[in-house]
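Any read-out appearing in this document is the output of simple, stated calculations on the displayed coordinates, not a laboratory observation. Being a predicted model, the structure only gives us computed values, none of them experimental. Ideal geometry is used to build each Cβ from the backbone, glycine not excepted, and the neighbour counts take in all protein chains shown.
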Amino acid sequence: MSHDTAATQDNRYTAGIARFVSGLRFEDVPPAVIHRLRLLILDSLGCALYGAHLEWCRILQDTLTRLDTTRECAVWGTDLRLSSPHAALVNGTEVQSFELDDVHRQGVLHVGAVVLPALMTIVEMRPGMTGRDFLTAAVAGYEIGPRVGIAMGPEHIAQGWHSGATLGVFSAAAGAARALGLDAERTIHALGIAGTQAAGLMAAQYGAMVKRMHAGRSAQSGLYGALFAEAGFTGIRNVLESEYGGFATTFSRSQDRFRLEELTAGFGTVWQTMGIALKFYSCVGSNHTTLDAIRAIREERPFTPDEVEKIVVHGSQVTMDHVGWKYVPQGLVSAQLNLPYCVGTLLLEGDCFVDQFTEAMVADPARMREAEKVEVRHDDTITAKGSKSRHEVRVEVHFTDGTVREKTVQAGRGNEKDFASEADVVAKFTSLARHALPHAQVAAIAEWMLHADEQPDARVLAGLLARR
């Protein structure tokens, strides 16, 4: 097919997404999805508030405050205000700032970190949005990015793209377009403007602060897409489908290693929002199943680190590539993304949450000794199960007395099929948010979110997220 023909081919999938997004109504969304969404949003807000004063977030806040004299939108957990694109950039970075936020396992996407920062700037800029309007726009965003990830498959991240950064632009654009009330035609352009801005390299996982910023850039790009499209600016109409230079072909480096039909599969009946899991460890999601397996073995047969000879983790190729590399101290990012280091931390500390990760500990000799005991092996039978099982592991703990305990875990705590309770989500949110805001304000955010569909003005939530 010639490039000219490819450039004008039909855009059935991009247009199908646009019709779904522009036509979505609160009444279309099942109550169970709304209930799950409220908890997912609350969790993301807690992650952002914890991150508000971390070094990498402070650098962005300080730099952009010097560059940007607009004071339109809140930077969450602070008393700062920035222009809407810069607020989206910083707030998205805050959500993703400490490996605490949600993940759609099959779609390989941190969803709240890309949807909410763009959406909340529109809440602040355009008065009149109710809680139901806010939730409807959020659902639109939460539904789209994961579908793009499912269509691209696990090879997308294996080829070196940071999927949260590349896929996230579509979630952000969809949520922002719905919040602005764009029709289907302008939503096509919002997606087309956002899609051409997709970027993000997995090499950032080895220690760079910029890894934290990828979600913020996606939120910003999606916001630009929706705002520019609203003004009549045009994007790539077939941004997902184009055979030459389209998202699927370019980011897969192929004509066939993707499934475009997944982009619109099950609209109105299958809700990808229900496929999003929460984290209860402060590290990348690919590590969680191994940590759960070791905790379970320890409950059955209590042991100290000195009693462990070695730990063998059998996992998918994505797990091998993503987290199974030999640990070298390069900062907190690499520590939180490396499986052997996180196993060593769990063995010594009994947990892998925020208190266990500090810059002072990334080169801790004791943790590194325990990490040396961990061997990560590829299991082709797990890889063959596809993206739905990319986190599955079979963990063997070999003890110095010659015995071996084994445990298989398919999905981590808080996973989409065995989701966390409301009490657990509120407890996690409260423990994180208290680092930035006083108790009464933290409680008010939780109360607002748990009853978001009854709220008359979404700007109240925006106000609660700013330090008074």
Item to check | segment 223-327: Rg to Rh, with Rh as the Kirkwood radius over Cα pairs | outcome: 1.15
Item to check | Cα-based Lys proximity count in the chain, under 14 Å, for pairs eight or more positions apart or on separate chains | outcome: 5
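Test of the criteria: in segment 1-103, which trypsin sites (Lys or Arg not before Pro) are in a DSSP loop and have at most 13 other Cβ atoms within 10 angstrom of their Cβ? Mind showing how you got there, number by number?
On the way: sites: 12, 19, 25, 36, 38, 58, 66, 71, 81; in loops: 25, 71.
Listed in order of number, the matching sites are 25, 71.
So for segment 69-141, considering every pair of alpha-carbon atoms, how many percent are separated by more than 16 Å? Provide the component values of the computation, followed by the final result.
Numbers: 1356 of 2628 pairs.
In whole percent, the long-distance tail amounts to 52.
For segment 285-409, with only Lys/Arg (+1) and Asp/Glu (-1) charged at the beta-carbon, what is the dipole magnitude about the Cα centre, in debye rounded to 20?
With only Lys, Arg, Asp and Glu charged at Cβ, the dipole is about 380 debye.
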Next on the checklist: Which one, 103, 40, 225, is farthest towards the positive end of the dipole of the chain when Lys and Arg carry +1 and Asp and Glu -1 on their Cβ?
Outcome noted: 225
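As a test of the definition: which semi-axes, in Å, follow for segment 325-383 when you take the square root of five times each eigenvalue of its alpha carbon gyration tensor? Largest first, please.
On the way: eigenvalues 86, 27, 25 Å².
Rounded to whole Å, the semi-axes are 21, 12, 11.
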Checklist entry - Put +1 on the Cβ of every Lys and Arg and -1 on every Asp and Glu Cβ in segment 380-468; which of 425, 449, 400 then has its Cα farthest towards the positive end of the dipole? => result 400
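Please state the charge dipole magnitude for segment 401-459, taken about the Cα centre, from unit charges on C-beta atoms (+1 on K and R, -1 on D and E), reported in debye and rounded to the nearest 20.
280
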Next on the checklist: Please list 3J(HN,Hα) in residue order for segment 285-291, calculated via the Karplus relation 6.51 cos²θ - 1.76 cosθ + 1.60 where θ = phi - 60°; whole Hz, with x for glycine and proline.
Outcome noted: x, 5, 8, 5, 5, 5, 4
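Could you put 333, 312 in order, starting from the residue whose Cβ has the fewest other Cβ atoms within 10 Å? Mind showing how you got there, number by number?
Working: 333 22, 312 16.
Starting with the residue having the fewest Cβ neighbours, the order is 312, 333.
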Next on the checklist: How charged is the neighbourhood of residue 12? Take every other residue with its Cβ under 12 Å from the Cβ of residue 12, and add Lys/Arg as +1 and Asp/Glu as -1.
Outcome noted: -1
Checklist outcome for this item: At q = 0.09, 0.13 1/Å the base-10 log of I(q)/I(0) from the Debye formula over the alpha-carbon atoms of the chain is -0.55, -1.14
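Based on DSSP H runs of at least 4 residues, each adding -39500 (n - 2.57), what is the mean residue ellipticity at 222 nm of the chain after dividing by all its residues, to the nearest 500 deg cm²/dmol?
Values: 22 runs with 237 residues, N = 468.
About -15000 deg cm²/dmol.
With the cut-off at 1.5 for a/c, could you classify segment 285-409 from its C-alpha gyration tensor as rounded, prolate or oblate?
On the way: a/c = 1.74, a/b = 1.12, b/c = 1.56.
The shape class here is oblate.
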Next on the checklist: Given the options 247, 193, 352, identify the residue whose Cα lies farthest towards the positive end of the charge dipole of the chain (+1 on Cβ of Lys, Arg; -1 on Cβ of Asp, Glu).
Outcome noted: 193
Checklist entry - Relative to the longest principal axis of the chain, what angle (0 to 90°, nearest 10) does the C-alpha long axis of helix 210-230 take? => result 20
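Do any trypsin sites (Lys or Arg not before Pro) in segment 208-254 lie in a loop, going by DSSP, with at most 15 other beta-carbon atoms within 10 Å of their beta carbon, and if so which? The partial results should precede the final answer.
Details: sites: 211, 212, 217, 237, 253; in loops: 237, 253.
Of the trypsin sites (Lys or Arg not before Pro), the ones in loops of segment 208-254 whose Cβ has at most 15 other Cβ atoms within 10 Å are 253.
For 135, 119, what's the fewest-to-most ordering of other Cβ within 10 Å of each Cβ? Walk me through the intermediate numbers first.
Details: 135 23, 119 31.
Ranked by crowding around the Cβ, least crowded first: 135, 119.
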Checklist entry - Hey, how many Å between the Cα centroid of segment 265-333 and the Cα centroid of segment 155-211? => result 25
Checklist outcome for this item: Shape descriptor, segment 3-277: equivalent ellipsoid semi-axes (Cα gyration tensor, sqrt 5λ, whole Å, largest first) stand at 26, 21, 18
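As an exercise, identify the trypsin sites (Lys or Arg not before Pro) in segment 342-448 lying in DSSP coil whose Cβ has no more than 14 other Cβ atoms within 10 Å. Mind showing how you got there, number by number?
Values: sites: 367, 369, 373, 377, 385, 388, 390, 394, 405, 407, 413, 417, 428, 434; in loops: 373, 385, 390, 413, 417, 434.
The qualifying sites are 385, 417.
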